[in-house]
1. Take the Cβ-Cβ distance between residue 327 and residue 106 as r, set R0 to 35 Å, and report the resulting FRET efficiency rounded to the nearest 0.05.
2. Subtract the Cα-Cα distance of residue 181 and residue 214 from 0.36 nm times their separation in residues, and report this length gain in nm to one decimal.
3. Mind sorting 312, 386 by how few other Cβ atoms lie within 10 Å of their own Cβ, fewest first?
4. Using a 10 Å cut-off around each Cβ, can you sort 310, 7, 68, 149 from fewest to most neighbouring Cβ atoms?
5. Sorted by packing (mean other beta-carbon atoms within 10 Å per residue), highest first, where do 29-41, 290-302 land?
6. I need the per residue convex hull volume for the stretch 164-256, using only the alpha carbons, in cubic angstrom as a whole number.
7. Quick one: if you stick a label point 7 Å off each Cα along the C-beta vector at residue 171 and residue 126, how many nm between them?
8. At 222 nm, what helix-only mean residue ellipticity would the chain give, in deg cm²/dmol to the nearest 500, using -39500 (n - 2.57) for each DSSP H run of four or more?
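None of the figures in this text is laboratory data; all of them are computed from the coordinates on show. Because the structure is a prediction, the values reported are computed rather than measured. When we count neighbours, we look across all protein chains shown, and the Cβ atoms used for this are built from the backbone with ideal geometry, even at glycine.
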């Protein structure tokens, strides 16, 4: 679903460019800009603004400009990102969902998970299947522009594969799958209703869905998964922590969670802690601020496992890394995205918005997570056989960990 936007006039484009350059110039936490001459970037890109032919070229130019910094949490958010999402939320038929989580395993696009009651489950798709093509287009072709390093990191591969499976609610998609036994077959599915998005989930950002799931697993282990660090979920999170208060162990699933609001991170850590502390330090150009841990009710006192993957970013990394260093949780899964910089969003002329990082972040022990990510205590490499046999190898590893802890007592 697309909504056309009015083309920005040359004067407005110039104003947007100047606003972006100036905002980064005065707020970037590193006056050396990581070795990039920010003044030279202005001289390089300013003449190109007048040469762009349309909004798409202009936004691409701005993206190249901020990309020179090679840091996370810098992004150009065009008006379309807001109007499309708002329209989808009101339309009879909006964004669709396949229910499939797909990632790159052994250089092959593979189904990592299939959501319950989803289009993918209805089509009989199982974890461990290689997804070779969507609507006749090979997915390896979709990934061809990625470097070997980007494929290894996994973040961008996951993003591109998710987009390839996207579409409108009710749209039919044809998938070509290769099973572990080598057999190849075609599967048709109709995209179901996607997660509902709200424009008040993260102030200044495009609408996002806010979802929370809680349940009991084997041996009464508590399980809590939430899609985003947003104040809208705090009441539900407190309720979830209260519900698992008697559990012998608790799994906090941050896989696929891109982050959100810092204060929510503090609150979650407070519900897991007996005494005040810190998750780390945020360093701005002229100030330093702690990510505080303030104990609060309801408090879960039992052992905790945090699940992470390559899409766990920002606040997910701050929470996982902080709890790991404080020995309050064991991290299981795969290395996180390494995209940790605190950021804000400014609205610019023409409705364009700029997301920009204004601080660096270090863990309690002074470790910089940006570009590095959180290394799990227990790594769980995904393979075709483990996905097919276990369904969710990360949860299986977490349950195995809790069993070993019980045996030690």
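1. So the FRET efficiency works out to roughly 0.55.
2. Working: separation 33, 0.36 × 33 = 11.88 nm, distance 3.46 nm.
Result: 8.4 nm gained on full extension.
3. Details: 312 31, 386 19.
Sorted ascending by nearby Cβ count, the order is 386, 312.
4. Details: 310 24, 7 13, 68 17, 149 8.
Arranged by neighbour count, lowest to highest, 310, 7, 68, 149 become 149, 7, 68, 310.
5. Working: 29-41: 13.3, 290-302: 15.7.
For the peptides 29-41, 290-302, the packing ranking is 290-302, 29-41.
6. Values: hull volume 13.4 nm³, N = 93.
Cα-based convex hull of the stretch 164-256, divided per residue, equals 144 Å³.
7. That separation, rounded to one decimal, is 2.9 nm.
8. Working: 13 runs with 132 residues, N = 409.
Taken over the chain, the calculation gives -9500 deg cm²/dmol.
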